[in-house]
Each structure stands twice: as C-alpha cells, then as structure tokens.
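Below: one structure, written as structure tokens.
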Amino acid sequence: MRTDAPSRDRPKTVHPGDSDTLILTVARWTCADLAGFFRRIFGRWHDALQNADAIPAVCPFSQAYRTITVKFNCGNWHEGWKLYLTVPDENNRYPYQTGWCGGGISAYALLAAEDATSRARAAENIDTICREAASPAGLLFGERARDGWIPDFHGQEQHPHTVRWTLSRRQGDALFYLAKAIHRAGIARNEILPDMHPWRTTLRTLADALCRIWREHGQWGHFLDNLDGHVAAGGTCSGAVIPAGLALAHMAGVPMNGWTVPKRVRTPSCATGRSAG
C-alpha cells in the first residue's frame, strides 16, 4: 500500500558468502482432532501477537478499501462486459474468473462500497453472471474471455482432455458469495429478494447441481466437467467451501430441487465430515 507516511524499513545489502539466521518456534503435541489443532495454533498466534511490538497504523482499513475501490473502478471495470475483470486486460489468458481470483468475491465486496457507482456496478456484475454464465450442467462457466464464457482450460489443445474442466473451487466461491450477495441485497432493501429473482434462481440451480454431484460421486473433486458436471479429477479439497455455500443458500431460503429442509441442511454437514474433494 503506497502512503505518504515515512517508513523505517531499509533493504538489506547482501554479499556473496553472507549468511543469516531465522529463529523458529516448533510446537509439538498430541492432537486428537483437527479442531483441536486449530485451537492450539491460533491460541499460540494470538499470544505471540499480544506480546509483539506495536505495529504502526500507516493506512487505516477504511482508506485501504477506498483505494482499492478506486483502482477497481478505474482499471478493472469492463463496460462492455459489465464485469469487474480479474486482470484489467481482455486479451489476457484469464481476464475474468467466476471464482477463486476475483469474480463473485470482488462483486460482493463492492456491494458494500460507499459510492453508488461501485454498488451499481457490483450488482451489474452479478446480473451478468446470472444472465450469461450458466453451463449446461447447471454450474457456472469458470471464465469469461474475449470469445465468451468458457471452461477454465478451453483452448489449451496441448492438453485436450482438460478443455472442459473447471475448478470446483470456482463453483464453491460463486455459490458462497452469491448467497452472501443475496443476503446483503436483502438488508440494503430491507426486504427478501423474490423467489424468481435471477440471483435466487441462479443460486438454486448451482446448489442443485453441486448437491447432485455429491450424491453421484461422494465428493466435489478438484476439477469438474463444466458441461456435464461429472468429477473429472478428484481427491482434493478444492471444493471445501461448497458446504458453507450450501448452508448459506439454505439460510437465504433457496429451495433446492424440492428437498426438505432437514435434508438440504444435512448434505453440507455430512460433506464436512469427509474430504470435500
């Protein structure tokens, strides 16, 4: 972050043969479960921060947010596509990614911007995804390029078996942040978006597709086929955020393929008990 505040940082001059020392703390203990591991790790981290020297606040979060907002509106907004680009260059290999980098994450953050232009553009960004990005499998296409919406590896003929693949992480991010955006829009309008609102219908379609993939495969894999929805490569936690997205979709009151409430709550809770990949 560039600021006008003076900095005490000085680059180190390194010469051939120089050496340096890093002091590490190694913590070892018997750990019964993953939750206990994180409790212990974050507890130690919290204690270390409490005992650390005070860090000077050179740039408040509020100003950092304004700076990033200006950057997104000046460099990342594509008026023709109605999207905040991931990379501000439509000729780039990845000009827009539905999830993981940018995509729904950026749009959700900008829905809370102070200025009306950012909020309106963020809503247009989500409108565009809901209107244009749906794939035949009920998923969302992973990317937007100059020639339209495509799977993540479209055009990489050197790996022809991957040209229909999309990261399950992208789908999970889109699900999670679309559900969050619906919640935020409801608060802003002091009302619940109607059932047939495009944001809600897109969220329901995506949630249905991901629930179907779980039922058929018992995982969300690392890569999904963007066109038919089957797990193309599995065994990782690429889709680990999907259970949270399904829970948020339920909280938003989005019905998923006629499932009863207990069943659609139970799906993400069962999934979190196993690898989400």
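Please treat every number below as a calculation from the coordinates, not as lab data. Keep in mind that this is a model prediction, so the values were computed, not measured. Cβ placement follows ideal geometry from the backbone for every residue including glycine, while neighbour counts extend to all protein chains displayed.
If I model a spin label as a point 7 Å beyond the Cα along the Cα-Cβ vector, how far apart are those points for Val14 and Asn91 in nm? About 3.5 nm, to one decimal.
Can you give the FRET efficiency for Asp147 and Asn73, using 1/(1 + (r/R0)^6), R0 = 35 Å, r = Cβ-Cβ distance, to the nearest 0.05? Walk me through the intermediate numbers first.
Values: r = 26 Å, r/R0 = 0.73.
The calculated FRET efficiency here is 0.85.
Each peptide in 169-180, 23-34, 125-136 receives the mean, over its residues, of other Cβ atoms within 10 Å, and ordering these scores from highest gives 169-180, 125-136, 23-34. In region 61-272, the alpha-carbon atoms span a convex hull of 125 Å³ per residue.
By the count of other C-beta atoms within 10 Å, a proxy for reagent exposure, Ile41, Ile68, Ile213 are ordered fewest to most as Ile41, Ile68, Ile213. Here the Karplus relation 6.51 cos²θ - 1.76 cosθ + 1.60, evaluated at θ = phi - 60°, turns the backbone of region 78-87 into coupling constants of 10, 5, x, 8, 6, 9, 7, 5, 5, 10 Hz, with x for every Gly and Pro. Taking amide hydrogens as placed 1.01 Å from N in the peptide plane, the amide H of Thr98 sits under 5 Å from those of Glu143, Arg144, each at least 5 positions away in sequence or on another chain.
Only sites in a loop by DSSP and with at most 15 other Cβ atoms within 10 Å count here; which trypsin sites (Lys or Arg not before Pro) in region 68-109 make the cut?
In loop regions of region 68-109 (DSSP not H, G, I, E or B), the sparsely surrounded trypsin sites (Lys or Arg not before Pro) are Arg93.
Each of Leu227, Leu111 has some number of other Cβ atoms within 10 Å of its Cβ, and from fewest to most they run Leu227, Leu111. With contacts taken as Cα pairs under 8 Å at a separation of at least 6 residues, region 61-272 carries a relative contact order of 18 percent. With neighbour counts taken as other beta-carbon atoms within 10 Å, the residues Phe141, Phe72, Phe37 rank, fewest first, as Phe37, Phe72, Phe141.
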